[in-house]
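Participant: First the structure, which I've put down as structure tokens, then a few questions once you've had a look.
The values are calculated or read from the model by the stated rules, or taken from the named source; none is laboratory data. If you're wondering where the values come from, they're calculated on a predicted model, not measured in any experiment. FYI the Cβ positions are ideal-geometry reconstructions off the backbone, even for glycines, and counts take in every protein chain you see. Protein only, heavy atoms only, side chains kept; ligands, DNA and RNA dropped before computing areas. Shrake-Rupley method; radii C 1.70, N 1.55, O 1.52, S 1.80 Å.
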Amino acid sequence: MIERYSRPEMKQIWTDDHKFALWLKVEIAVCEAWSELGRIPADDMARIRTATCNLDRLAEILQVTHHDVTAFLAAVAESLGPESRYIHLGLTSSDVMDTALGLQLKAAGEILLSDVEALIRVLKSRAIEHKHTLMMGRTHGVHAEPMTFGLKLALWVKEMERNAVRLERAIDIVSVGKISGAVGTHSTVPLAVEENACRHLGLGCAEISNQIVQRDRHAELLTTIAIIGSSLDKFATEVRALQKTEVQELEEPFAAGQTGSSAMPHKRNPELCERVSGLARLLRANALASLENVALWHERDISHSSVERVILPDSCLALDYILTLFTSVVSGMHVNVDKMRQNVELTRGLIFSQRALIALIDKGLTRQDAYKIVQGNAMTAWQSGQPLRDLLAADPDVSARLTAPELDAVFDYGRFLAEIDNIFARAGMSGASGDISGHSSTLAPRSC
């Protein structure tokens, strides 16, 4: 991942220095396990614990071997004496590489999980703040019925909570090691060595392996990362849509001195959310590559290795970045409550059409007859710009069945908010509603 989208803590996990440090940690843990079985003398084990890997020397040896594990082992051996013969005893390269990778993915996953939890907290806070902030609900991009902005955010909260559960499972799935030898038979390394080494490292054991940890585990993590990225893409796309000039209901943070265009000084673009959407595409592409890595020849081939050197660090880095970025967007975004209300009233009462339909049905009309009456008046309202309430009041088919107070009740915004508190409670998000900006369920009936 390029520097622009790399945060320091996550970046450190994927550096070569850290990778080789983990390789050495795995080798020493395996030696500890051998020592517990009496294979390595205590004095030799004490010296093995002091082993180091000179990275400059490793790079020199790599020019000759063209194999990073053998170069690593040679560099480590140079830091020891005869006891170096116990390093890598009975192992194959993937024992070290995949077990160290499990450590990297576990650490990266814990950062991502922390990021997800931070976003959930911010979303919850803003959802409760705007629990009763009336806004237009849209389907197909067209005005449907009023809802609240808090309800929209609460929906995102629950999606991110599901993502947290997915991520916890995926982290658990990849947090394993394997120390089983060339094709997984344990013919050169007992199960006890694998179990004890993984215990020392804080990893689980792959119950059965061949030469590698099976890549369905890694695919589960990367598809989970892609799902989380797609959720962020969905949220960011909504912010972008609501920031359109014609809508102006939301605006992502725009700092003093920030510019939106080299040509047009007036521009305030949703570029942060556009960045989230863009990098989410990369996560989905990487997930597809991880699925391609599941099918390997026989007990393994190496076709997955080159792919993983790119997709594993890049996916972790990119998701870490966009989670943090979108959390800052949600925390700092401007909610234009007045514009939300203006947009609700834009169609002069058409949004009450279903309530009018139900009121006529309650008076004994068939659904088909009631629908025809309301739709006819609604189409007239669309074309003429007249308020739907006025048209319904003047329609003898309506006035014969609905009194003026009953028609007022049809056009009461409060009915759209009546269950909001209950929805929040069911979602485990009860709390103070914050500023409801005049859009509470006690709002007086009004005509549009």
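Participant: So, of the residues in the stretch 137-158 that are open to solvent by less than 40 Å² (accessible area, probe 1.4 Å) and closer than 15 Å to Arg126 by Cβ, which turns out to be farthest from the chain's Cα centre (by Cα)?
Facilitator: Keep residues of the stretch 137-158 that are open to solvent by less than 40 Å² (accessible area, probe 1.4 Å), which gives 137, 144, 146, 148-150, 152-154, 156-157.
In the following step, the residues that additionally are closer than 15 Å to Arg126 by Cβ were identified as 148-150, 152-154, 156-157.
Values: Thr148: 23, Phe149: 21, Gly150: 20, Lys152: 17, Leu153: 15, Ala154: 15, Trp156: 11, Val157: 11 Å.
Among them, the one singled out is Thr148.
Participant: To continue, here is another question. For the stretch 296-384, list the helices (runs of 4 or more DSSP H) that sit wholly inside it and hold at least 2 residues that are touching a residue at least 12 places away in the same chain (Cβ under 8 Å) and within 30 Å of Ser125 (Cβ to Cβ); which are they?
Facilitator: Those helices (runs of 4 or more DSSP H) span 303-332, 337-344.
Participant: Please indicate, with yes or no, whether at least one residue in the stretch 369-379 is over 45 Å from the mean Cα position of the chain (by Cα), buried (at least 19 other Cβ atoms within 10 Å of the Cβ) and closer than 30 Å to Val247 by Cβ.
Facilitator: no
Participant: Can you tell me how many residues in the stretch 67-106 are of a type outside the set (Asp, Glu), open to solvent by 10 Å² or more (accessible area, probe 1.4 Å) and assigned to a helix (DSSP H, G or I)?
Facilitator: Final tally of qualifying residues: 14.
Participant: Right, another one. Which of the residues belonging to the stretch 123-136 are touching a His at 6+ places or on another chain (Cβ under 7 Å) and either open to solvent by 10 Å² or more (accessible area, probe 1.4 Å) or without any contact (Cβ under 8 Å) to a residue 60 or more places away in the chain (or both)?
Facilitator: Taking the stretch 123-136 as the starting set, the residues that turn out to be touching a His at 6+ places or on another chain (Cβ under 7 Å) are 132-134, 136.
Passing the criteria: only His132.
Results for (1) free of Cβ contacts under 8 Å to residues at least 60 places away in the same chain; (2) at positive phi; (3) in contact with an Asp or Glu (Cβ under 9 Å, 6 or more places away or on another chain), shown as yes or no for each residue.
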residue	(1), (2), (3)
Trp156	no, no, yes
Arg162	yes, no, no
Leu167	no, no, no
Ser175	no, no, no
Glu194	no, no, yes
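Participant: Moving on to the next point. Looking only at the stretch 311-356, which residues are buried (at least 19 other Cβ atoms within 10 Å of the Cβ) and of a type in the set (Ser, Thr, Tyr)?
Facilitator: Ser315, Tyr321, Thr327, Thr347, Ser353
Participant: Would you mind stating whether Leu291 is open to solvent by less than 40 Å² (accessible area, probe 1.4 Å) and either among the aliphatic types (A, V, I, L, M) or in contact (Cβ under 8 Å) with a residue 60 or more places away in the chain (or both)? Write out each step before concluding.
Facilitator: On the way: open to solvent by less than 40 Å² (accessible area, probe 1.4 Å): no; either among the aliphatic types (A, V, I, L, M) or in contact (Cβ under 8 Å) with a residue 60 or more places away in the chain (or both): yes.
So Leu291 does not fit the description; no.
Participant: Also: Filter the stretch 385-426 down to residues that are small (Gly, Ala, Ser) and assigned to a helix (DSSP H, G or I) and give me whichever is nearest to Leu151 (Cα to Cα).
Facilitator: If we take residues in the stretch 385-426 being small (Gly, Ala, Ser) and assigned to a helix (DSSP H, G or I), then Ala425 is nearest to Leu151 (Cα to Cα).
Participant: I would also like to ask the following. Go through Leu123, Leu191 for me and flag whichever is under 30 Å from Phe235 (Cβ atoms) and at pLDDT 95 or above.
Facilitator: Only one candidate passes the filter, namely Leu123.
Participant: Considering only residues that are open to solvent by 50 Å² or more (accessible area, probe 1.4 Å), over 24 Å from Thr324 (Cα atoms), of a type in the set (S, T, N, Q) and at pLDDT below 90, which ones fall in the stretch 244-288?
Facilitator: Once the filter is applied, which keeps residues that are open to solvent by 50 Å² or more (accessible area, probe 1.4 Å), over 24 Å from Thr324 (Cα atoms), of a type in the set (S, T, N, Q) and at pLDDT below 90, the stretch 244-288 yields only Ser262.
Participant: Which of the residues that make up the stretch 2-43 are in contact (Cβ under 8 Å) with a residue 12 or more places away in the chain, aliphatic (A, V, I, L, M) and open to solvent by 40 Å² or more (accessible area, probe 1.4 Å)?
Facilitator: Ala21, Leu37, listed by residue number.
Participant: With respect to Leu112, is the statement that it is closer than 21 Å to Val176 by Cα, modelled with pLDDT of 95 or more and under 22 Å from the mean Cα position of the chain (by Cα) true?
Facilitator: On the way: closer than 21 Å to Val176 by Cα: yes; modelled with pLDDT of 95 or more: yes; under 22 Å from the mean Cα position of the chain (by Cα): yes.
Answer is yes for this residue.
Participant: Would you call Arg300 at pLDDT below 95, at positive phi and either crowded, with 20+ Cβ neighbours inside 10 Å or touching a strand residue (DSSP E or B) at 6+ places or on another chain (Cβ under 9 Å) (or both)?
Facilitator: Against the criterion (at pLDDT below 95, at positive phi and either crowded, with 20+ Cβ neighbours inside 10 Å or touching a strand residue (DSSP E or B) at 6+ places or on another chain (Cβ under 9 Å) (or both)), Arg300 qualifies.
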